[in-house]
Structures are given as structure tokens and as C-alpha cells.
Amino acid sequence: MQRYKVIITYDGSEFSGYQVQPNKRTVQREVEAVLAKMHKGSPIKVIGSGRTDSGVHAMGQVIHFDSPLMIPDDKWVIALNTMLPEDITVLQVQKVSASFHARFDAVGKEYRYVLYLSTLRDPFQRKYACHHPYKLNIEAMREASSYFLGGPHDFTSFCSAKTDVVDKIRTIETMDITLEGEKLTIRFIGSGFLYNMVRILVGTLLEVGSGDRDPDSIPAILEKKDRSCAGRTVPGQGLYLWRVFY
């Protein structure tokens, strides 16, 4: 039995997230269905580095699975891409030791959130960026983002109340905000991220950029450890799991 590490990219628009759910189309379900065909009906369990929600995209999601098939890495890429739907692409397959774990061995992740700031909505952007047609003070957003760096901090205020994770201590190493034309990209690199954490961080930064919240209010929000104190959860279509670090 050989363990394989696989990097995949997918357009999350037509998926109900990454993880298998009853009667719903998910990334994991599609990948496992293809692997089952390759293994003559035998189920092959796929483990991901983490979940992505409905509509969320991935440039570099990492998964692993075990297989008795001894296929060269490049042939795995060809075989999987031939059978997978067009909104999932395998970028790389690599043989790894049996101890490798896509989730537990990850030491960090990079996410990016994309907004387009045109006053008019763009039908060709609606699945891949969040439309925000209002003026933003980007320098105020950058000032606010600096309070999230370092730590580690308790991000209870920036986590969905639905999570069952007890330890909400995380470290964000990098946050940068880049404006190119009408496209605003907020990049996050950290040790790990809680359920909806990036989308709540972005929602809070947008409130700062809109003048509804002061940049220096961030430390008090962190201190309160209360979800109701932070901003809204922005839509999923602007979010990308960009890279997983090992």
C-alpha cells in the first residue's frame, strides 16, 4: 500500500464545499468517486488539509490517500484529470511516507480574499470575487490589519459560533492588502484558521474601510472573545485556499 500526496485546484462555485455531505455535490465526493472507479469499485478514502465551504475556491488544496496501485506520479496526474469533472484539476501527485497526513502535518496556510470595487456589478466576476461598490479607506484597513499580526491571539470573536473547536488560539504571520485597478486582494498567512475566520476578518476590515469602525477598535474586539462584536461574514465566492505549508 502506497500513500500519495496530491495538490488539487478547484472552482468551488458548483460545490457544496469540500467535505462529503449527504445528497450534495462536494469536491471530496467527486475525487473519491474517480478513485473508486480506478480501483474497480473499492472505496478509497481521501483526507484533506481542511474543509472549504460552499462556493469557496482552492488554488492549492492538499489531500492524501492510500492505494495498492503502483502508478508513476505523472501518470496519476493524467489518469485523475482524465476522469475528474472540469471544475477540479490535479496539479501534482507525489509518493510520500505512510506517516504523512494532509491535515495534521500542515504547519500553515495561505488564504486570499478577492473583492472587486466597481460601482457596477460584473456578471463575469460574480462567482470569483465579492462585489463591494462602496468607497474604502484602504490605509485604515491596513492599520487595522496590523493588530491581528503576531500574537498568538485568541480569535473567538472572529470565528463562527457553530464551530466545535475549543482552542481558538491562532497566529497570523502575514496580512497584506493589494489594490490593482478595481480588484482588492487581502492575503492571509497563518498557523491555521478557524471556521469562517478569514471571512469574518474581511467583513470587519470592510467596516473599518467604510468608516463604520475605527482601526484601533480591533484589540478590544479580540479581548471580548464575542462573535457579535466583530463584523459580518462576507460571502464565500471571494475566498481562495491558496497554499498549504508543510
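The values are calculated or read from the model by the stated rules, or taken from the named source; none is laboratory data. In this text the structure is predicted, and so the values were computed from the model without any measurement. Methodologically, a virtual Cβ is constructed for each residue, glycine included, from the backbone with ideal geometry; neighbour enumeration extends over all protein chains shown.
Return the residues of segment 63-108 that are touching a Gly at 6+ places or on another chain (Cβ under 7 Å) and either touching a residue at least 60 places away in the same chain (Cβ under 8 Å) or outside the structural domain of residue 34 (by TED's automatic domain parsing) (or both); say none if nothing qualifies.
102, 103, 108
Which one is surrounded by the most Cβ atoms within 10 Å (Cβ to Cβ) among residues in segment 4-45 that are over 11 Å from residue 63 (Cβ atoms) and of a type in the set (Lys, Arg)?
29
Counting only residues that are small (Gly, Ala, Ser), give me the strands (runs of 3 or more DSSP E) lying completely in segment 1-102 with at least 3 of them.
By residue number, 57-67.
Can you confirm whether residue 46 is hydrophobic (A, V, I, L, M, F, W, C), without any contact (Cβ under 8 Å) to a residue 40 or more places away in the chain and out of contact with any Ser or Thr (no Cβ under 8 Å at 6 or more places or on another chain)?
It is true that residue 46 is hydrophobic (A, V, I, L, M, F, W, C), without any contact (Cβ under 8 Å) to a residue 40 or more places away in the chain and out of contact with any Ser or Thr (no Cβ under 8 Å at 6 or more places or on another chain).
Find the residue count for segment 3-20, including only residues that are farther than 19 Å from residue 94 by Cβ and in contact with a Lys or Arg (Cβ under 8 Å, 6 or more places away or on another chain).
9
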